[in-house]
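Asker: Following this message is one structure expressed as structure tokens.
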Amino acid sequence: MDKTVTGNIVFRSAFSGGRPVRLSKETRLFCHESLEGRYGDEAMKTPFVTLDDIDGFEALSSFAKYDAAIRRICETAPLRITDHELVSGSATLGGAIFAQVPAQFGGNWIFPSINHLTTDFFTPVIKGVDHIESEVRKNMTREGLSDRQKEQYKSYISSLESMRIYHKRYMDELRAKRPDIYAYSKDVPFKAAGSFREAVQSLWFVFSFLRLTGNWPGIGRIDKLLGPYLEKDLSEGKITMGEARELIASLFIKGCEWVRGVDAGRGSGDAQHYQNIVLGGTDRDGNDVTNDVTYIILDIVEELPIGDFPITVRFNEKSPEKLYKRVSEVIRHGGGTVAVYNESTILNALERFGYSHEEASDFANDGCWEVQVPGATRFSYYPFDSLQILLNDTLKLNTDSLPSFDSFEDIKEAFFKNLEAHVDAIASSLINGHIVNPCGDPSKEVFRTFFPTSVIDLFENDCVERGLGYLDGGTRYSVIPPHIGGAADVANSLYAIKKLCYEDNIVSLEQLLGILKADWEGDEYLRLYVRNRYKYYGNDNPEVDSIMAEILNRFSGFCEKYGTRHALWIPSGVSTFGRQLEWKDLRFAAPFGSKKGDILSGNASPTPGTDLEGATAVIKSYCAADLEKQVTGAALDVKLFPHTVSGDDGISAITGLIKGFQNLGGYFMQLDVADVDTLLEARKDPASYKSLSVRVSGWNARFVSLDDNWQRMIIEREAGGSVPCE
């Protein structure tokens, strides 16, 4: 990987031409020290506030405990105002990095926090938090409120008061230290933003307040929100494009404040905080919203290797050609920062499932890539491994009694019967775990009550109106989709069985199952034959792609039995989010040549090492399924090699892949450019590669913050198979 160097600042790139330099030296320095972990390490020095001094705390109601925690956080959390920032507000308590409300009593966390959501940032920026408070006060005077609703509304007022305390503390500091920022911070986010600077500061302050209190929200359609403010200020000469770029760059850099040094614990990545951004796409009237803010953000992540705000671009038939080019130019630098939505497929999927066109048009994601309506959706998901269903339930490798089947079709149908039973069990568990009266009249279903989430509720529109929490049915939509994993491995396994046992007659099914139980011991020649003889999913082979398509389509149908019948919506989706690491040691060897412990397919992507025909073939295989049935999403990971994306031809190649993905009916695609040799070097010398970002699975992470297994998965994915990692 080449380097872009300014003074002692090094920003790596997979592109031989290096990263451009547009931002000021001060801003680039600010980025560098953030990515080196200065502020994340600082946050860990004060991980939480303590409530041990509150008499009778244990006897308080859950709302009273929550309110006390939020108040203490806002009163005492350290403030941080850096020399080079242009927006202010910081999540300075390290406990929030671990998805906890950063407050403890008796050495224990009190409440977990909320993630996998995108809150409503449009209302606080455009109308102001004062408007939200007026709605709270109006609704809390309604007749017929339950005792819990009354306590809920009091908690909303308490959270707003705490937010004002936090804001005043910052304003007092800014007035003395940074009067330039104070000028456009003093009124927002409580008053409606009147300028681009105020809008950016309002957005950031609300976002940082949510993070300070432990939550991990996505931001969503930032260019749709901020674009009109910038257009107005540019036309009136109140700001220049350069000044606007510096301002938004500051927001992006502030979003790296949880990055920690290389000595921090390693796991699934230090940028896994679900603060995703969506660019482009159409509005409710069908107008494409791409604007100057869209391109400024692409400028920023092209120059700075910031992966903490993973970006997904909504492409549609009205997307300007310039957008394709700029996205392609950013992608070639690597890091997987920019991914792609096919807007047409997603709108059809959402409307087909039951969303209105207007709400579907507003879609963003959950902070990862699963689609939802921002500010109106309580979201989580239920992942499961379909390969274990095939190996254990259908082929019964976990028993001493091996099955017999008369035909390949019998095996396939037995698997689908087992898959349907698994989905039924998931749906029953979800409904019974979240809803009271799940088998009666759906109109009388009531959500069970969970712990308070008042800070989040304020920015989820219907919670304030209903006086119900985010987890308690307060949002317009409560959505928990089953997410199938290992589908490509099942397709490959079924295809291998079909060829080996029923068409080519190389071994009987009984013999093959015995070989799999023995993990191919003594049958290495056959394993290599199976692995190399057949063209598996990801190679544009209609025979195996049709099996994959049938798996996804039938799975979706099993979920549709439940769909929107209950207050809890149960659509389908396809993902693993790296869980193939958890599953690898729980699986037997698979019929297509994998051994126990192999890292297999991620999301809806091919099994590593089996896709041999290039990115176009991978996309065609993926698009063989009816992806409009996967309501919350089906993620495809596509690896690109640095030498294939250089020069104008490289830009054209990436653009062609995006357009082909659109035309074939794709849903979501993550393109990443990575050099395996660089990854191997970073594994050996992490201190020299602190800012090296990779796409993981819906999020980005500094490669050095991944543990050995996660690093191995990324390396094998990019290399197309197993490579030495020691």
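Asker: A590 - would you say it is buried (at least 23 other Cβ atoms within 10 Å of the Cβ), in contact with a Leu (Cβ under 7 Å, 6 or more places away or on another chain), among the aliphatic types (A, V, I, L, M) and over 29 Å from V645 (Cα atoms)?
Answerer: Here the answer is yes, as A590 does meet what is asked.
Asker: Working only within the stretch 638-652, note down all residues that are in contact (Cβ under 8 Å) with a residue 60 or more places away in the chain, in contact with a strand residue (DSSP E or B) (Cβ under 8 Å, 6 or more places away or on another chain) and β-branched (V, I, T).
Answerer: V645
Asker: Would you tally the residues in the stretch 281-338 being touching a Ser or Thr at 6+ places or on another chain (Cβ under 6 Å) and closer than 17 Å to A653 by Cβ?
Answerer: 4
Asker: Given (1) surrounded by fewer than 23 Cβ atoms within 10 Å (Cβ to Cβ); (2) aliphatic (A, V, I, L, M); (3) over 30 Å from I219 (Cβ atoms), identify the lone condition not met by L391.
Answerer: (1)
Asker: What single numbered condition from (1) touching a His at 6+ places or on another chain (Cβ under 8 Å); (2) touching a residue at least 24 places away in the same chain (Cβ under 8 Å) fails to hold for L347?
Answerer: Only one criterion in (1) touching a His at 6+ places or on another chain (Cβ under 8 Å); (2) touching a residue at least 24 places away in the same chain (Cβ under 8 Å) is unmet by L347, namely (2).
Asker: Which residue out of R683, R717, R712 is among the basic types (K, R) and in contact with a Leu (Cβ under 9 Å, 6 or more places away or on another chain)?
Answerer: From the options R683, R717, R712, the qualifying one is R712.
Asker: Okay, next question. Which pairs turn up if I take residues in the stretch 233-253 that are touching a residue at least 40 places away in the same chain (Cβ under 8 Å) and look for partners that are hydroxyl-bearing (S, T, Y) and surrounded by 14 or more Cβ atoms within 10 Å (Cβ to Cβ) with beta carbon separation below 6 Å, at least 6 apart in sequence or on another chain?
Answerer: E246/T27; A249/T27; I253/S34
Asker: Looking at the structure I just gave you, is N342 over 27 Å from G578 (Cα atoms) and of a type outside the set (F, W, Y)?
Answerer: Spelling it out, it is not the case that N342 is over 27 Å from G578 (Cα atoms) and of a type outside the set (F, W, Y).
Asker: Could you please let me know if E329 is farther than 30 Å from T678 by Cβ, of a type in the set (D, E, K, R) and touching a residue at least 60 places away in the same chain (Cβ under 8 Å)?
Answerer: Answer is no for this residue.
Asker: Which residue out of P542, P591 is assigned by TED's automatic domain parsing to the domain that holds L471 and over 26 Å from N392 (Cβ atoms)?
Answerer: P542
Asker: Hey, another quick one. Six or more apart or on different chains, Cβ atoms under 6 Å: show the pairs whose first residue is in the stretch 167-181 and in contact (Cβ under 8 Å) with a residue 12 or more places away in the chain and whose second is of a type in the set (K, R).
Answerer: Filtered contacts from the stretch 167-181: M171/K186.
Asker: Suppose we filter the stretch 256-285 for residues that are surrounded by fewer than 22 Cβ atoms within 10 Å (Cβ to Cβ) and free of Cβ contacts under 8 Å to residues at least 60 places away in the same chain; how many remain?
Answerer: Residues flagged as surrounded by fewer than 22 Cβ atoms within 10 Å (Cβ to Cβ) and free of Cβ contacts under 8 Å to residues at least 60 places away in the same chain within the stretch 256-285 amount to 3.
Asker: Every residue in the stretch 330-384 that is charged (D, E, K, R) and part of a strand (DSSP E or B), please.
Answerer: R378
Condition check ((1) at pLDDT 95 or above; (2) crowded, with 20+ Cβ neighbours inside 10 Å; (3) in contact with a Gly (Cβ under 6 Å, 6 or more places away or on another chain)) across all residues:
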site: E33; (1), (2), (3): no, no, no
site: E36; (1), (2), (3): no, no, no
site: Y39; (1), (2), (3): yes, yes, no
site: A43; (1), (2), (3): yes, yes, yes
site: L51; (1), (2), (3): yes, no, no
site: D55; (1), (2), (3): yes, no, no
site: S62; (1), (2), (3): yes, no, no
site: A69; (1), (2), (3): yes, yes, no
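Asker: Is it the case, given these coordinates, that F11 is modelled with pLDDT of 95 or more, in the same structural domain as V676 (by TED's automatic domain parsing) and outside any loop (DSSP other than H, G, I, E, B)?
Answerer: Against the criterion (modelled with pLDDT of 95 or more, in the same structural domain as V676 (by TED's automatic domain parsing) and outside any loop (DSSP other than H, G, I, E, B)), F11 does not qualify.
Asker: Filter the stretch 316-336 for residues that are buried (at least 24 other Cβ atoms within 10 Å of the Cβ) and of a type outside the set (A, V, I, L, M); which is farthest from G17 (Cα to Cα)?
Answerer: Selected residue: G336.
Asker: Among the residues of the stretch 98-125, what is the count of those that are at pLDDT 95 or above and part of a helix (DSSP H, G or I)?
Answerer: Number of matching residues: 4.
Asker: Can I ask one more? For residues that are in a loop (DSSP other than H, G, I, E, B) and in contact with a strand residue (DSSP E or B) (Cβ under 6 Å, 6 or more places away or on another chain), scanning just the stretch 14-31, find the one that is surrounded by the most Cβ atoms within 10 Å (Cβ to Cβ).
Answerer: A14
Asker: Quick check on my filter: what residues within the stretch 559-576 are assigned to a loop (DSSP other than H, G, I, E, B) and closer than 30 Å to K444 by Cα?
Answerer: Scanning the stretch 559-576 gives K561, Y562, T564, R565, H566, A567, P571, S572.
Asker: I would also like to ask the following. Farther than 12 Å from Y622 by Cα and crowded, with 23+ Cβ neighbours inside 10 Å - does that describe any residue in the stretch 539-546?
Answerer: No.
Asker: Here's another thing I want to ask about it. Checking F309 against (1) crowded, with 24+ Cβ neighbours inside 10 Å; (2) modelled with pLDDT under 95, which test does it fail?
Answerer: (1)
Asker: Now a separate question. I need a count of the residues in the stretch 598-654 that are within 15 Å of N553 (Cα to Cα) and not hydrophobic (A, V, I, L, M, F, W, C).
Answerer: Residues flagged as within 15 Å of N553 (Cα to Cα) and not hydrophobic (A, V, I, L, M, F, W, C) within the stretch 598-654 amount to 8.
Asker: Identify, please: which residue in the stretch 63-90 is touching a helix residue (DSSP H, G or I) at 6+ places or on another chain (Cβ under 9 Å) and among the hydroxyl-bearing types (S, T, Y) and is, among those, farthest from T27 (Cα to Cα)?
Answerer: Restricting to residues being touching a helix residue (DSSP H, G or I) at 6+ places or on another chain (Cβ under 9 Å) and among the hydroxyl-bearing types (S, T, Y), the top hit is Y66.
Asker: If you don't mind, there's one more thing I want to ask. Taking the residues in the stretch 577-604 that are of a type in the set (F, W, Y) and in a loop (DSSP other than H, G, I, E, B) as candidates, determine which candidate is farthest from Y536 (Cα to Cα).
Answerer: The qualifying residue farthest from Y536 (Cα to Cα) is F577.
Asker: In addition: Tell me which residues, restricted to the stretch 591-631, are within 30 Å of I570 (Cβ to Cβ) and of a type in the set (D, E).
Answerer: Within the stretch 591-631, D626, E628 qualify.
Asker: Separate question: Does the stretch 618-654 hold any residues that are among the hydroxyl-bearing types (S, T, Y), surrounded by fewer than 24 Cβ atoms within 10 Å (Cβ to Cβ) and touching a Gly at 6+ places or on another chain (Cβ under 9 Å), and which are they?
Answerer: Matches in the stretch 618-654: T644, S646.
Asker: Looking at the stretch 209-252, which of the residues that are β-branched (V, I, T) and not in a loop (DSSP other than H, G, I, E, B) is surrounded by the fewest Cβ atoms within 10 Å (Cβ to Cβ)?
Answerer: Selected residue: I222.
Asker: Condition check: outside any loop (DSSP other than H, G, I, E, B), outside the structural domain of G286 (by TED's automatic domain parsing), buried (at least 18 other Cβ atoms within 10 Å of the Cβ) and at pLDDT 95 or above. Does A427 satisfy that?
Answerer: Criteria met by A427.
Asker: Only residues that are touching a Phe, Trp or Tyr at 6+ places or on another chain (Cβ under 9 Å) and surrounded by fewer than 19 Cβ atoms within 10 Å (Cβ to Cβ): list them for the stretch 687-716, please.
Answerer: Passing the criteria: none in range.
The values are calculated or read from the model by the stated rules, or taken from the named source; none is laboratory data. Given the structure is predicted, the values throughout are model-derived calculations rather than measurements. Here the Cβ is made from the backbone with ideal geometry for all residues, glycine too, and neighbour counts use every protein chain on show.
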